[in-house]
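A short reminder: the numbers here are calculations on the coordinates, not readings from a lab. Because the structure is predicted, anything quoted here is derived from the model rather than measured. All Cβ positions, glycine included, derive from the backbone under ideal geometry; neighbour counts span all protein chains shown.
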Amino acid sequence: MTAPVLEMREISKAFGNTRALDAFSISLEPGTIHALVGENGAGKSTLIKVMMGIHQPDAGSIVVDGREVTFRTTQEAQAAALAAIYQEPMVFPDLDVAENIFINHHARPAFVRWRALYDEASAVIKRLGVSVDPRRPAGSLTLAEQQTVEIARAISLDARVLIMDEPSASLSDHEVRRLFGIARALRAAGVAVLYISHRLEEVFEIADTVTVMRDGKHVSTRPIADITEERVVAEMVGRDMQGRFKRMPSAQTGDVLLRVEGLSRAGAFHDVSFTVRKGEILCFSGLVGAGRTDVALALFGIAPPDHGRIEIAGQPVTISSPAVAQRHGIAYVSEDRRKLGIAMAETVTANITLPMLDSYCGPLGLVDKRAESADADTFRERLDIRAADLNMPVGTLSGGNQQKVMLAKWLNTKPRLLLVDEPTRGIDIGAKAEVHRIIRDLAAQGVAIVIISSDLPEVLSLADRVIVMREGRFVGEFQGESATDESVMHLAVGAAGRGAA
Amino acid sequence: MKGSTFIDRLATWEGFLFLVLVLLILLNALSTPFFLTVSNQINLFQLSIEKVIVALIMTLVIINGEIDLSVASIMGLAATTFGWVFQAGISAEWAIVIALTIGIICGAFNAFWIAWAGIPSLVVTLAMLIAYRGFARVLVEDRGITDFPEWFDSLGQAPILGPFPLSMLIFFTLLVVLFVVLQRSAFGRKLYFIGSNRDVAEYSGVNVRRIKATIFIASGLISALAGILFAARVGSVRGDIGVGFELDIITIVLLGGVSIFGGTGTITGTVLAILIVLNLRNGMALANITGHLQTGALGILLILSVMVPTIRDAGQRLWRTVRGETG
């Protein structure tokens, strides 16, 4: 074994109360492809950001070639021969390929020698074993080709460590092949590649070593030959909190409220069919980007489907806007509180009443402020929203309380069908338990509930039924008890092995 | 929760504007005995009445997160339309109706590109600033049209209720209506939400397009009204009526504390800014300061208005640091 080029030793990093990285260690050796796997939120992104100087670790050390270093900026990380490429390539669309490749070369003469630039660019691209015309504007390239440009940029800077964060997420099979070719060429050239992917079959095809991380901690590092897919999945999900989120006995469910048949939207999801009953909690599980949110947005009128049928209480409906969805009794609680959920600068009360604002108005269109305060107050008590003054901007509350305000806003519409996207993302354990309680209460009152969650323990503790999505399709369904961490994860990552009916 | 003290209230931008205003009025009143007379104050307003009327509706446009650069050109186009059809033999009453309709059409045209085609209002209304002005100049070249009926000319001057002429009554009415719209109505609430976070409003079922369209149509109508009032006040119509007014109008609104990014601001702030600008100009005029210098002073005030939140935040940070070190 050769000496590692990059070592991360006992790195810790916390954001508020969340420990994103907890004494995590990993070391990368030249000429190897090292895969890093873990669930959503395991801390992979934070690790990359620490490696690339975007975040500074709270504790631990970064060692390059045996010397301890600190990266205060991305430039310093690049100077130490580290480079990263991300799922969404970052290229300048109006500059051509060669300009994009050499964009970070600072020590250049004042005048560009174009011929030399293009020759060099061609040479770098050729080393990757692919062909892209260096004179084409980067914006005209496919996503995969843009990625190649990014890799070429890293190589031209003599990167010795290349971090690839979900590089295959938006590539076709054929393009993934080419990417693997590039990765192998880099390995042969002695580059240490850190390959991050959700797709286990890819990891097992390309990687030499695999490290599993969970909840910010290092779980295991093994040569790929010494571990099976089954084992990796078990290590990704294996939690010591089995009893903590105990499943509640499922409530009595009623008639079918929502029936979806053959719903498709190009590029998002394909041939999706399911039903939800009154009082039932249905969970959509799967990885980020599997198309779960897109299905919810189709039902809420944000991005209507191309094909398929939607029936509410037996009536076929066309949902063309959120206002129409609301009229059918559908509410959607977004995963992105800041951008889509609530307006931070507006008051708690105004946020809660916004969807129903017209119902607080007299014939002149003036808002009855007393009625609206009374309703906001009711929700403050019912959901235990901790706010001293409901006329304060909602941005002044804690994340958990903001989440409850967002829920209150939609409960105020008295929905028959509640779509909740990542109901507890970024809130603390206490608030999480309360949100779960609220959701169960609603189901008990006969509201049909669809939860989209990447948090497996949450799915398993709430769901009467679990549907697993992968790459825009339904790949499996579990009735309450039959869903386990491992069975759901298997389907979500597309690992070979057991699937369930 | 601490109660809002007098100091807290002064710490708002409106409080600061109020202080500046009191100071200005005091200075002006001390320097000349004529300043605080009713006729001087009304005269002050009269000289800029068209701008301040449009500033009221511009407040709503900017709170909504948009901008309307075409207001002054709509003023010009409405005024010239009025003059042109009047000259063609139509009665002044009908000419007013036609001119106001032109304002609505201009506003609706802006609204179409902004609300439905999704083109930024900065671009659309900049283009229309040029286009509407072009039409105005084609309709009435530099000669100018005069000889309107006596009742029309007196619209702009003659007091009709106490000491107030019609244009001021229109201003006060609009002020009250828009104040209520912004503070109390569902429409106003949605306006703030759209300016504050358009996606949140859309996801909440707010008909964003309809509200944006309404605002631009209202802006067109009120600009047209202002154009007609201008014609009545000066007693003639030319193609260059109101050229450059849009910048003064937007300056007033921003000075009043309306964020150029939308979502915040009040009619009260705009009214305070109007009073400050008028009194500043009047005071400087009385002190024999030239118009160009007056404009310069306004520019500095505007930069201050943008910087005050930054300065206040920096001050608070400094204060915390000092306290942190000593305590």
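Taking θ = phi - 60°, what integer Hz values does the Karplus form 6.51 cos²θ - 1.76 cosθ + 1.60 yield along the stretch A:219-227, in sequence order, with x for Gly and Pro?
Working through the residues one at a time gives 9, 7, 9, 9, x, 4, 5, 8, 9 Hz.
What is the fewest-to-most order of A:His218, B:His292 by other Cβ atoms lying within 10 Å of their Cβ?
By the 10 Å Cβ count, ascending, the order reads B:His292, A:His218.
Starting from the 7 Å offset along Cα-to-Cβ, what nm value, one decimal, do you get for the label separation of A:Arg115 and A:Asp94?
2.9 nm
Exposed loop sites here are chymotrypsin sites (Phe, Trp or Tyr not before Pro) in DSSP loop states with at most 14 other C-beta atoms within 10 Å. What is the longest stretch of chain B lacking them?
After excluding every exposed loop site, the longest remaining stretch is B:35-260.
Between the alpha-carbon centers of the stretch B:125-148 and the stretch A:295-315, tell me the distance in whole angstrom.
50 Å
Are any of the pairs A:Lys44/A:Lys278; A:Lys369/B:Lys212; A:Lys339/A:Lys432; A:Lys278/A:Lys369 more than 27 Å apart by Cα-Cα distance, and if so, which?
Distance filter (> 27 Å) returns A:Lys44/A:Lys278; A:Lys278/A:Lys369.
Excluding residues on the same chain fewer than 8 positions from B:Lys190, give the aspartates and glutamates whose Cα lies under 16 Å from its Cα.
Here the aspartates and glutamates satisfying the reach criterion relative to B:Lys190 are A:Glu346, A:Asp358, A:Asp368, A:Glu372, B:Glu66, B:Asp199, B:Glu202.
Assigning unit charges at the beta carbon (Lys, Arg +1; Asp, Glu -1) and nothing else, what dipole magnitude in debye, to the nearest 20, does the protein assembly as shown show about its Cα centre? Please report the intermediate quantities before stating the final value.
Values: 76 positive and 82 negative charges, 191 e Å.
Value, rounded to 20: 920 debye.
Quick one: which residues, 5+ away or cross-chain, put their amide H under 5 Å from the amide H of A:Ala20? H built at 1.01 Å from N.
A:Lys13, A:Ala14, A:Phe15
Taking R0 as 45 Å, what FRET efficiency do you get between A:Ser321 and B:Ala297 from their Cβ-Cβ distance, rounded to the nearest 0.05?
That gives a FRET efficiency of 0.40.
Can you tell me, using C-alpha contacts under 8 Å and at least 6 residues apart, the relative contact order of chain A as a whole percent?
It comes to 15 percent, rounded to a whole number.
Taking chain B as the region of interest, what is the percent of Cα-Cα pairs per 20 angstrom bin, listed from the shortest bin to the one with the maximum distance?
Calculated over all Cα pairs of chain B, the distribution is 29, 56, 14, 1, 0 percent.
Please list the non-local residues whose amide H lies under 5 Å from the amide H of A:Arg277, H modeled 1.01 Å from N, same-chain partners needing a gap of 5 or more.
Residues meeting the criterion, in which the H sits 1.01 Å from N, are A:Leu257.
So for the stretch A:86-163, Kirkwood radius off the Cα pairs, Stokes-Einstein at 10 °C and 1.306 mPa s: how many µm² s⁻¹?
The diffusion coefficient I find is 127 µm²/s.
Using the Karplus curve 6.51 cos²θ - 1.76 cosθ + 1.60 with θ = phi - 60°, work out ³J(HN,Hα) for each residue of the stretch A:457-470 in order, rounded to whole Hz, and write x for Gly and Pro.
So the Karplus estimates, Gly and Pro as x, are x, 5, 4, 5, 7, 9, 6, 7, 8, 10, 10, 9, 10, 9 Hz.
Determine the relative contact order of chain B: mean sequence separation of Cα pairs under 8 Å and six or more apart, normalised by residue count, in whole percent.
31 percent.
In sequence order, what are the phi-derived ³J(HN,Hα) couplings for the stretch A:300-310 according to the Karplus relation 6.51 cos²θ - 1.76 cosθ + 1.60 with θ = phi - 60°, rounded to whole Hz, with x for glycine and proline?
Those phi angles translate into 9, x, 7, 10, x, x, 7, 9, x, 10, 10 Hz.
Report the one residue of A:Val333, A:Thr378, A:Leu366 whose Cα lies farthest in the direction of the positive end of the charge dipole of the stretch A:330-414 (charges on C-beta: Lys and Arg +1, Asp and Glu -1; origin at the Cα centre).
Projecting each Cα onto the dipole axis, the largest value belongs to A:Val333.
Give the relative contact order (percent, whole number) for the stretch A:389-501; include only Cα pairs under 8 Å separated by 6+ residues.
RCO, the stretch A:389-501: 18 percent.
From other protein chains only, count the Cβ atoms within 10 Å of every residue's Cβ in A:358-368, then give the mean. Numbers along the way, then the final one.
Working: counts 5, 1, 2, 5, 1, 0, 4, 7, 8, 7, 1.
If you average over the peptide's residues, the count of other-chain Cβ atoms is 4.
List the residues, sorted by chain then number, that are 5 or more residues from A:Ala35 or on another chain and whose placed amide H is less than 5 Å from its amide H.
A:Tyr195, A:Asp208, A:Thr209, A:Val210, A:Thr211
Among the helices of chain A (complete DSSP H runs), which have Cα atoms covering no less than 24 Å along the helix axis and a Kyte-Doolittle mean of at least 0.5?
none
How compact is the stretch A:330-414 by the rule of thumb for globular proteins, expressed as Cα Rg over 2.2 N^0.38 Å?
Rounded to two decimals, the normalised Rg is 1.01.
Could you compute the net charge surrounding A:Asp58? Neighbours are other residues with a C-beta less than 15 Å from the C-beta of A:Asp58; K and R count +1, D and E count -1.
+4
For the protein assembly as shown, I need the span (max minus min coordinate) of the C-alpha atoms along each principal axis, in Å, sorted largest to smallest.
Computed over the protein assembly as shown, the largest-to-smallest principal extents equal 99, 74, 65 Å.
How much length, in nm to one decimal, is gained on full extension between A:Leu143 and A:Val63, taken as 0.36 nm per residue of separation minus their Cα-Cα distance?
25.5 nm
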